[in-house]
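Right, one structure below, let's go through it.
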Amino acid sequence: MNEFLKQANLIKDEIINYRRTIHKNPEVGAELPKTKAYVIEKLKEFGYYPKEICESGIVATIKGNKPGKTFLLRADMDALPMTEESGESFASKNKNAAHCCGHDFHAAMLLTAARMLKENEKELKGTVKFMFQPAEEIFEGSKDMVENGLLKNQKPDV
């Protein structure tokens with residue numbers, strides 16, 4: 001079995017918790033105070049120094065010991081303005097917001113990638129920038145992040 005898959009399987013329950021925590025607390029638009037706080041907390045826990053470069057737009061970077069390209073990995077974090085009626089134990093606590101578009105998965109997967117890359121930092125070639133984007137559903141978040149320097153200071157190659 002691939003070593004990364006083994007590593008992911010060891011933290012499977014934590015990965016599920018990332019997703020469910022975000023899913024339970026959906027927020028719409030650019031102002032995502034709970035989501036932002038959770039993502040920043042997790043990134044710090046993993047050993048990163050995340051920065052908020054615009055309202056709820058978070059960036060963290062890891063640079064390997066070996067030269068290589070700079071990769072940008074992105075996840076959206078905002079929810080849709082609708083009510084969830086799934087009945088799941090981790091269903092939305094907010095009547096007018098629900099993760100019905102997969103952004104909870106996206107954010108959880110990017111947190112997992114950040115964690116696993118940090119745990120394998122010695123083998124990393126190049127640099128990885130993690131972009132946690134708000135306001136994807138209203139087509140504003142990526143624009144705001146780019147305007148506030150996302151593509152500067154380690155401009156991504158990929």
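Computed quantities for the displayed model
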| quantity | calculated |
| --- | --- |
| Those strands (runs of 3 or more DSSP E) lying entirely in the range 31-97 with at least 3 residues touching a residue at least 40 places away in the same chain (Cβ under 8 Å) and open to solvent by 30 Å² or more (accessible area, probe 1.4 Å) | 66-76 |
| Residue within the range 64-77 that is at pLDDT 95 or above, in contact with a Cys (Cβ under 9 Å, 6 or more places away or on another chain) and at negative phi present | yes |
| Given (1) over 18 Å from PRO156 (Cβ atoms); (2) surrounded by 20 or more Cβ atoms within 10 Å (Cβ to Cβ), number of the condition PHE130 does not satisfy | (1) |
| Failed criterion for ILE11 (all others in (1) touching a residue at least 60 places away in the same chain (Cβ under 8 Å); (2) of a type in the set (A, V, I, L, M); (3) out of contact with any helix residue (DSSP H, G or I) (no Cβ under 9 Å at 6 or more places or on another chain) hold) | (3) |
| Identity of the residue in the range 109-158, small (Gly, Ala, Ser) and closer than 28 Å to PHE4 by Cα, that ends up farthest from the chain's Cα centre (by Cα) | GLY126 |
| Pick from the range 5-30, criterion touching a strand residue (DSSP E or B) at 6+ places or on another chain (Cβ under 7 Å) and not charged (D, E, K, R), ranking: surrounded by the fewest Cβ atoms within 10 Å (Cβ to Cβ) | VAL28 |
| Selection within the range 137-158 - assigned to a loop (DSSP other than H, G, I, E, B), open to solvent by less than 50 Å² (accessible area, probe 1.4 Å) and out of contact with any Leu (no Cβ under 7 Å at 6 or more places or on another chain) | GLY149, LEU150 |
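The values are calculated or read from the model by the stated rules, or taken from the named source; none is laboratory data. Remember, it's a predicted structure, so these values are computed and weren't measured experimentally. Note that each Cβ is placed from the backbone with ideal geometry, even for glycine, and that neighbours are counted across all protein chains shown. What goes into the accessible areas is simple: the full protein's heavy atoms, side chains included, and nothing from ligands, DNA or RNA. Shrake-Rupley method; radii C 1.70, N 1.55, O 1.52, S 1.80 Å.
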